[in-house]
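In what follows, a structure is listed as structure tokens, so that the remarks can point back to it.
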Amino acid sequence: MASTHPQRILIIEDQPEGHRLLGRIVDELFAPATRDHAPDLAQAEPCLYNAYDLVLCDLRLPDGLSLGWIERYRRLHPDAWLVVSTLYDDDDLVFASLRAGADGYLLKTDPPELLQDTLSRLVRGEPPMSPTIARKVLVHFRGQAPDAPRPQPGIDTEGLEQLSPREQEVLTLIAQGLSAKMVAGELQTSRYTVNDQIKSIYRKLGVRNRAEATAQAMRMGLVDLG
């Protein structure tokens, strides 16, 4: 499994206490990485054109929701880790964030130790999801209500059959945390070819980002991140 150690980090957070907490966590996890800060969308706008390895972004900022900013940043920087950090755990915002391009979702109500442990997973190439949010995502892809009985484990053969053998390889690698460039090196092909294959995978599976793709890969038995 690929490892990822961010060198450039952006924190978009309007609350000083939240900024200090996230700053302390990323300093402990990723030093000597450099980090920038924007307290609102207006000041985050110029950051759209900077290639950060990791962006931690609050959802509700003084000048609006950050979903549009996240979507624009994802289009410009497909290999960056985009992680939402917020107080809100309602389904609409969770899945809107994932559709916009977020790779992870942290709840600021989690204890600092849990936040740090969850964020550290990206070093192992795993999408950083607070436990409450990870359960929502898995429940969503199982197509069941949160309190319904869990089905017996099984392989989503229908999903597998939609993908070519090469697309299955690509999905396995991106679910393990490899960037498009790294996948291209692993499979000895061009990054442009891999990008086209990733777009095809997302279209066939109806997903929008690595977090959703990873959940699908787990359903299909291609990767086990447990």
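The values are calculated or read from the model by the stated rules, or taken from the named source; none is laboratory data. Being a predicted model, the structure only gives us computed values, none of them experimental. Neighbour counts are summed over all protein chains in view; Cβ atoms, including those assigned to glycine, are modelled from backbone coordinates with ideal geometry. All accessible areas refer to the heavy atoms of the entire protein, side chains included, with ligands and DNA or RNA removed. Shrake-Rupley method; radii C 1.70, N 1.55, O 1.52, S 1.80 Å.
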query = Out of residues 5 or more away from W81 or on other chains, whose amide H comes under 5 Å of its own, with H placed 1.01 Å from N in the peptide plane?
reply = L54, V55
Amide proton proximity set for G221, modelled H, under 5 Å, gap of 5+ = D156
task = Assign one of three labels to region 42-81, namely rounded, prolate or oblate, based on the Cα gyration tensor with a ≥ b ≥ c the square roots of its eigenvalues; rounded applies when a/c is under 1.5, prolate when it is not and a/b is larger than b/c, and oblate otherwise.
result = prolate
key: Signed unit charges on C-beta, dipole axis of the chain, positive-most listed residue A215, L122, I198   = I198
query = Residue by residue, what Karplus-based ³J(HN,Hα) values in Hz, rounded to whole numbers, does region 94-103 have, using 6.51, -1.76 and 1.60 with θ = phi - 60° and x for Gly and Pro?
reply = 4, 6, 5, 5, 5, 5, 5, x, 5, 8
Built amide H within the under 5 Å cut-off of R35, gap 5+ = I9
key: Label-point gap, in nm, between T189 and Y49 - each point 7 angstrom along Cα→Cβ   = 3.4
request  = Give the Cα extents of the chain along the principal axes, in whole Å, largest first.
outcome  = 49, 45, 29
remark   = Applying the gyration tensor rule to the Cα atoms of region 1-112 (axes a ≥ b ≥ c; rounded if a/c under 1.5, else prolate if a/b exceeds b/c, else oblate), the class is rounded
ask   = Roughly how many debye, to the nearest 20, is the charge dipole of the chain about its Cα centre, given +1 on each Lys and Arg Cβ, -1 on each Asp and Glu Cβ, and no other charges?
value = 580
key: Solvent accessible area, Å² - H37, 1.4 Å probe, full protein context   = 80
ask   = About the Cα centre of region 26-71, what is the dipole size in debye to 20, counting +1 per Lys and Arg Cβ and -1 per Asp and Glu Cβ, all else neutral?
value = 40
ask   = Given the options A102, A215, A31, which has the most mean-square fluctuation in a GNM of the chain, springs set between C-alpha atoms less than 10 angstrom apart?
value = A31
request  = Using a 10 angstrom cutoff on alpha carbons, build the Gaussian network for the chain and name the most mobile of E45, E212, E71.
outcome  = E45
R0 of 25 Å, Cβ-Cβ distance R166-D79: FRET efficiency to nearest 0.05 = 0.80
request  = State the extension gain, in nm to one decimal, for the chain segment bounded by D27 and Y88, taking 0.36 nm per residue of separation less the distance between their alpha-carbons.
outcome  = 19.5 nm
key: Filter on K136/K181; K108/K181; K136/K204 - keep pairs with C-alpha separation over 28 Å   = K136/K181; K108/K181
inquiry  = On a full-extension model of 0.36 nm per residue, what is the gain between S200 and T109, subtracting their alpha-carbon distance, rounded to one decimal in nm?
reply    = 29.1 nm
task = Quantify, in whole percent, the carbon and sulfur part of the accessible surface of the chain (1.4 Å probe; protein heavy atoms only).
result = 50
ask   = With the chain treated as a Gaussian network of Cα nodes joined by springs under 10 Å, which of D36, D14, D196 yields the largest mean-square fluctuation?
value = D196
